[in-house]
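Worksheet for the structure shown next.
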Amino acid sequence: MGALPEFAFARPATLAEACALLAVEGARAVAGGTDLVPNLRRGIERPAQLVDLGGIAALDRIEERDGALALGAGVTLARLADDARIARVLPALAEAARSVAGPAHRSAATLGGNLCQDTRCVFYNQSEWWRRANGWCLKRDGDTCHVAPQGRRCHAAYSGDLAPVLLAAGAEAETATAAGTRRVPLADLYREDGAAHLTLAPGEIVARVFVPAPTPGRRSGYRKARARGAVDFPLAGVAVVLVVRDGAIAELGVGLTGTNSRPFRLAGTEGFVGQPVDDALLASLAKLIQKQVSPMRSTVTQSYYRRQVASVLAQRLVRELAAG
Amino acid sequence: MRHEDVSLRRAPAPPTHSIGSRTPLVDGIEKVTGRARYTADLPLGPTLVGRIGRSPVAHGVIRRIDATRALALPGVRAVITGEDFAAPYGVIPISQNEWPLARGKVRYRGEPLFAVAAEDEAAAEAALAAVAVDIEPLPALFTAAEARAPGAPLLHENKPGNIEREVEQDFGDVAAGFAAADLVLERRYECAEVAHGQIELNATVAHWEPERERLTVHSVTQVPYYLHLTLAQTLGLDSSQIRVVKPFVGGGFGHRVEPLNFEMVAAALARAASGAVKLELTREEGFLTHRGRPATETRLKIGMKRSGEITAVDAEVVQRGGAYGGYGLVTILYAGALLHALYKVGAVRYRGYRVYTNLPPCGAMRGHGAVNVRFAFESLLDEMAAELGLDPFVVRRANLIEPPYRTLNDLQVNSCGLAQCLDAVEQASGWRERRGKLGRGRGLGMACSHYVSGSAKPVHWSGEPHAVVNLKLDFDTGITVLTGASDIGQGSSTLLAQVVAEVLLLPMARIRVVATDSALTPKDNGSYSSRVSFMVGNAALRAAQGLKRVLVEAAAKRMEVEPDDIDWQGESCCVAGTDRRMDFAQVVQAALADTGTLTVKGTWSTPPETQGGKFRGAAVGSTAGFSYAAQVVEVSVDEDTGMVRVERVWVAHDCGRALNPLAVEGQVQGAVWMGMGQALSEETRYHAGLPLAANFLDYRIPTIAESPPIEVTLVESMDPLGPFGAKEASEGGLHAFPPALAAAVCDAIGLRVRELPLSPDRLLEAIQARRREEKLRALRAGRPGADVPEAERR
Amino acid sequence: MPKRLLTLAVNGRRHEIAADGHALLVDVLRDALGLTGTKQGCDGGECGACTVLVDGAPRLACLTLAASVEGRAIETIEGLARSGRMSALQQAFHERLGTQCGFCTPGMIMAAEALLRRTPHPDEAEIREALAGNLCRCTGYVKIIESVRAAAEARP
């Protein structure tokens, strides 16, 4: 019932083997499978070979040194949610991990998988029959974006919960290919195009994520808007890292998800440094967010709502964190 | 060994009482251990894989379906189309306009067009892709307004204006009623379409024996008997060639109360392939099969006296019915019948329109027909109460029915515990002390509801009793209850066992239930309109009484006394006032002597006076017993995000008599909660006729995370016709939730929402619209920024 | 595509199964091993009915490639009863009507089992969080919470 399209399956034990397998055309990486397998079941993806990264012990580590984190891409969301070091250093990451889907997803889903989660759209996350009846779409097999038929790009929304936290905290990603590894700011992993939101080269995977040590006194949090108390992807998700010193903002990072085709770090928050967290500042923050988010008609919930609620959540979170 | 001695050596077990005790389900162990076999789980041997090819077009003429290429593929055993069926179908005999596979025209995207049977899934998929289909598109109609517009193309040639059914009902002098009112208010309400969302996917296994020309069908149905009839009709078979078995069913809620296209398709595939076919549908296909609650627009006007007394009601209801008849005409009739019959009202004018559109067909869903009008009615009562300065409880109490009572539309009410329900929830919720005092953002709301305990007239009127139960008692001294009643999780098998055990004062361990196999069990109309407890319960009661008579007579004969002298105590009986005693096994042995296996039948039919009036459509809404419910909902509302959180619900349900309080509580909680889903988050959506939310991510059934505690009080009004006084408990609690929620939101933030669901985006939009309005009003009043009192906040 | 030999440890027994590389755990359990207690209620990852345990953690069998859990300890609803005795959760779900139609029940019980092994005496919030991915359409969840509570109290 609902069998998957045929593909070959490999479960390498090392990163090098995985990279070699992934260098072949038609190969695709899978970790927890919670994002990919539903797409396979709907015929959205038809890889020739799946390379299961779940057997690579090196990807399954959480390391902490003086507050700096090195997180293996294979660490599950369940572990991120429960890890004492993460709870201490970057509690928002644990919060975000815990807010994903349900427990049975979280014990399979991984950090790397969540960061590389496919973008979502009501015209895309449908069965093959449905997509064909609708004339396919720009993201897959078609040439029209049904969200914005006049436009020229895909407006599917990125909906991972972890990326905004890591972006707000200034994380970097280490990626790997058969040719070796490279380290890039996490933001560089993404672009504002729903059909090609990841900048990874074919066969390239995220191997590790590095989070720099926090400024003393840093607080962090994550809030997501969703219709139900669980399961749902964020209609909008906001992560905040904040340092308040002597009543004024010393550091403010805001990450957003669910509103655009990529997760992004809110630009312009450095302008708030030195200001107290008051109504005026929160109003400016809301304006900044309104300018930078661009939710489209890609969910069953109206896009204006996602826009509104993004700033409401950000304002609340900043206020809460400032209050301690 | 024969028991010659009629005096017992050991002390007999005391009589056992089963009614009123909290009884776990008789099939619960199978469910918690994973042993319960649902249709898709049945070990029926190798089967072919069935698949349905569906229309990509919303409305069009079928020019050609060419299966030549598909049939040539390896492993493909059959391809069928609408031409392979003998007749159309439809659960209501007078509106049968649907073919299991479309014929001539397609009328919605996703309508079954053709079907394949193949040796495995891959071959079936390949066959689906290889069938060539040519459809000439016609203009499609996706809203009731479009479909009713002058000049709109017709979905069905014989239905002008695309109206499936127009209902006109007038009772009493409505104009005089409004003239006599102190307050007349008119409002419009909108409810989005919702779906059943039973967790079990649809599945049918059909087995055709070519040698015998016999068909056996296992399916997920709530109505095996209707399915049986429909299989015979659509496949052109004699009923005697067919056997229908209902295994464990993973919920229904009305999705499965009519025979569904895939069930007939599986059977036709099995016949075409001369073998066994398993047809499992995806979740998306469940949403395409649909039969849910229609999107409904209600215009409602009520006249009320200062006392709260309702003088007149004027309602117009439009239901967007989808492409085929299904239960549609019943739905639009229920909406009228149950709109006002909850209360004593002065006069009623009802206009109902069931409209055909190019969308998956709607049908019956828990609370059939009455939920969306209840939302309108109770919401308007709440609003009028506020205008008149009356407590919402006072308004309800001003219009209570006192049984026996004949409603304006000729419905017979023999018992009504609504007054006690109101008292119970008013007290449990702390209404008097707490309402209006919870602070901004938190509120309480209340509403009432009622529902039928089975439709008093069956869909197929054959003159037979409404319910039949057989009891079999044999040498093993166990009693087998043979029933056609479909247990779909509501616990009907448990209830029937309890009824039989109670009459005979025997422990439940002696009773087995064998249900829903047309080769073994008596015909039953099915599990719909909450008929089983009342009707089948009554039949079981009568069967058990009949069996008891046989046993008592046998004991009397053996002990050489008159039956009246026997004191029946279940596991034993004695001659009254003596120590002459027989145990149950001895009685059974005595009863079997000369006759052998005992089979006793019990039947029940609704009395004529409960079958409604004489006007057209009067049968719908008629029942032998109305349940009643009242509930209070407490919410907190986040005005910045539009999120509504239900903190707690208090519900009181008049179930007549709680035969199994554990199960009744479970049913009431489930019903209330399903009302919450409709009120807060559930909504089907379409993009040019394609369902956007055909999955459990976008069709948002509440999770455990946001589901509130639901405190249940059971009110026992002891219905004179119900078995042991019982009435329905599975549906009536649903209807009051949406209006109680809307009232609670209004209490919390002073904003009245007249559209369902109150999803965060919809609520936030309403909140912001109000803010804009207030600003505008303040500007007009020349007091920029001034606080404007909220119109509806007391 | 050639089948591969999978060695799966299910409910404490080793099974060697010839399966496709792309086989899902739910299909292997149901079709190859006849363990039909694990249900499928959606088109992938939306309802929780297929929840099983893999090394004690809840997993969705409908999203799990069977080949990816070779060598791991897989537990299904059929493995909970020991020597003919229902587990505390099974007993409680039965006695307190944590099950109505029963279709979500195996997944619900497995999710609750994972919770109780980690947190033997959960509070209500923990119960809600642990079962948040399992949809039930019958009960309104009230008696499910009561059942898990009762099982926690009954467990040694």
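The values are calculated or read from the model by the stated rules, or taken from the named source; none is laboratory data. The structure presented is a predicted model; accordingly, all values stated were derived computationally and were not measured. Positions of Cβ are generated from backbone atoms using ideal geometry, with glycine treated the same way; all protein chains shown enter the neighbour counts. These accessible areas exclude ligands, DNA and RNA; they are computed on the full protein's heavy atoms, side chains included. Shrake-Rupley method; radii C 1.70, N 1.55, O 1.52, S 1.80 Å.
A compact table of results
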item	result
Longest site-free stretch - chain B; sites: chymotrypsin sites (Phe, Trp or Tyr not before Pro), DSSP loop, at most 15 other Cβ within 10 Å	B:1-460
Paramagnetic label zone (point 7 Å from Cα along Cα-to-C-beta, B:Arg306; backbone N under 11 Å) in the range B:360-391	none
Loop-resident sites, the range A:166-223, for trypsin sites (Lys or Arg not before Pro), counting at most 15 other Cβ within 10 Å (DSSP)	A:Arg191
Isotropic mean projected area of the C-alpha convex hull, chain A (nm²)	16.3 nm²
Alpha-carbon centroids, the range B:111-176 and the range A:63-88: separation in whole Å	54 Å
Three-way shape call for chain B based on the alpha-carbon gyration tensor, with the a/c threshold at 1.5	oblate
Cross-link reach list, lysines versus A:Lys224, counting only Cα pairs under 24 Å and skipping chain neighbours closer than eight places	A:Lys287, A:Lys291
Residue pairs, from the table B:Lys305/B:Lys437; B:Lys548/B:Lys727; B:Lys344/B:Lys601; B:Lys278/B:Lys727, whose Cα atoms sit over 29 Å apart	B:Lys344/B:Lys601; B:Lys278/B:Lys727
Sites A:Ala196 and B:Val394 - FRET efficiency at Förster radius 56 Å, r taken between beta-carbons, to 0.05	0.30
Relative contact order (percent, whole number), the range C:3-80, Cα cutoff 8 Å, 6+ residue spacing	37 percent
Estimated distance in nm for a label pair at C:Ala125 and B:Asp120, the labels positioned 7 Å out from Cα along Cα-to-Cβ	5.1 nm
Highest average packing first - B:546-556, A:16-26, A:86-96, B:311-321, Cβ atoms within 10 Å	B:311-321, A:86-96, B:546-556, A:16-26
Rh (Kirkwood; distinct C-alpha pairs) - the range C:1-150, Å	15.6 Å
Cβ neighbours within 10 Å from other chains - mean over A:306-315	3
Per-pair calculated FRET efficiency, R0 = 35 Å: B:Lys437 and B:Leu779 via Cβ, rounded to 0.05	0.60
Computed FRET value (nearest 0.05) for B:Arg549 with B:Glu609, which takes r as the C-beta separation and R₀ as 22 Å	0.20
Pair B:Val184, A:Ala250: separation of 7 Å Cα→Cβ label points (nm)	7.1 nm
Cα centroid of the range B:375-440 to Cα centroid of the range C:1-73, whole Å	53 Å
Lysines whose Cα lies under 21 Å from that of B:Lys31, excluding same-chain neighbours fewer than 8 positions away	B:Lys246, C:Lys39, C:Lys143
Sequence-distant lysines (8 or more away, or on other chains) whose Cα lies within less than 20 Å of A:Lys139	none
Interface burial for C against B (accessible surface, 1.4 Å probe, total of both chains, Å², rounded to 100)	3800 Å²
Per-q log10 I(q)/I(0), the range B:458-605, q = 0.20 Å⁻¹ (Debye; single scatterer per alpha-carbon; no solvent)	-1.12
Percentage relative contact order, chain C, counting C-alpha pairs under 8 Å, at least six apart	23 percent
Rounded to whole Hz, the Karplus (6.51, -1.76, 1.60) HN-Hα couplings of the range B:62-79, x for glycine and proline	7, 8, 6, 10, 10, 9, 3, 5, 5, 5, 7, 6, x, x, 8, 10, 7, 10
As computed over the protein assembly as shown, the Cα convex hull volume per residue (Å³)	191 Å³
Relative contact order, percent, chain B [alpha-carbon distance under 8 Å, six or more residues apart]	16 percent
Estimated vicinal HN-Hα couplings, Hz - the range B:88-97 in sequence order (Karplus 6.51, -1.76, 1.60; Gly, Pro = x)	x, 9, x, 5, 8, x, 8, 9, 9, 10
Estimated inter-spin distance, B:Arg299 and B:Trp461, nm [label 7 Å along Cα→Cβ]	3.3 nm
Kyte-Doolittle mean at least -1.0, axial Cα span of 27 Å or more - DSSP H helices of chain B	B:537-559, B:661-680
Distance between the range B:595-646 and the range B:564-585 - C-alpha centres, whole angstrom	40 Å
Scaled radius of gyration (Cα, divided by 2.2 N^0.38 Å) that the range B:193-248 gives	1.27
Reciprocal of mean inverse Cα separation for the range B:81-181 (Kirkwood radius, Å)	17.6 Å
